[in-house]
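The values are calculated or read from the model by the stated rules, or taken from the named source; none is laboratory data. Just so it is clear, the structure is predicted and the values come from calculations on it, not from any experiment. Note that each Cβ is placed from the backbone with ideal geometry, even for glycine, and that neighbours are counted across all protein chains shown. Keep in mind that these areas ignore ligands, DNA and RNA; they rest on the heavy atoms of the full protein, side chains included. Shrake-Rupley method; radii C 1.70, N 1.55, O 1.52, S 1.80 Å.
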Amino acid sequence: MSKIFHAAAGIGRKLQGRALVAKDGFSARYDLDRIRGVFSRPEHKLAGESYVGRVLVLDAAKGGVATAWMLYEMQSRGVMPAALVLNAVNPIMVQGVALADFTMISGFDVDITLAVPNGAEVEVDPAAERPCLRVL
């Protein structure tokens, strides 16, 4: 039986993928090796893990303007997560996601990093009447 978590907002297309979950933030500039497609900041809870094609379920967006163009650059090279699922975002992250034509949802009633099991198959639907993440 699937479990559904509704988000306050979403952008992008509906998709399905395997979740990569951690109680940590997300910065395209400081946390990632954008060439190899792995989390590279040694202090990040996902250090060494590949993010390519995964639905990242993380705590909050970090960083500034560089994140917007970095997401676009990652998308243009195909070294991109499938989607971002965050407890909290900032306007810069929203701009970057829109520029990269990427999928993201955010703003849950629960801490989404504690509610979704790492490795779970999930469906992200930002275009639903109420944007949601479904654990399949």
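Within the stretch 1-40, the set of residues being more than 17 Å from LEU58 (Cα to Cα) and of a type in the set (Ser, Thr, Tyr) comprises SER2 only. Filtered by the rule that a residue be in a loop (DSSP other than H, G, I, E, B) and aromatic (Phe, Trp, Tyr), the stretch 15-37 gives a lone residue, TYR30. Just one of the listed residues (ALA98, ALA82, ALA127) is open to solvent by less than 50 Å² (accessible area, probe 1.4 Å) and not aromatic (Phe, Trp, Tyr), and it is ALA82.
A count restricted to the stretch 1-42 and to residues that are of a type in the set (Ser, Thr, Tyr), open to solvent by 20 Å² or more (accessible area, probe 1.4 Å) and closer than 18 Å to ILE92 by Cα stands at 1.
Yes/no matrix, rows are residues, columns are (1) within 15 Å of ALA82 (Cβ to Cβ); (2) basic (Lys, Arg):
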{"position": "ARG13", "(1), (2)": "yes, yes"}
{"position": "GLY17", "(1), (2)": "yes, no"}
{"position": "ASP33", "(1), (2)": "no, no"}
{"position": "VAL38", "(1), (2)": "no, no"}
{"position": "GLU43", "(1), (2)": "no, no"}
{"position": "TYR51", "(1), (2)": "yes, no"}
{"position": "LYS62", "(1), (2)": "no, yes"}
{"position": "VAL65", "(1), (2)": "no, no"}
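Contact annotation: residue pairs with Cβ atoms under 9 Å, 6 or more positions apart or on different chains, pairing a residue in the stretch 117-136 that is over 19 Å from ASN87 (Cβ atoms) with a partner that is open to solvent by 30 Å² or more (accessible area, probe 1.4 Å) and modelled with pLDDT under 95, are LEU136/SER2. The residue list GLY37, GLY64, GLY107 contains one member that is farther than 21 Å from GLY10 by Cβ and touching a residue at least 40 places away in the same chain (Cβ under 8 Å), which is GLY37.
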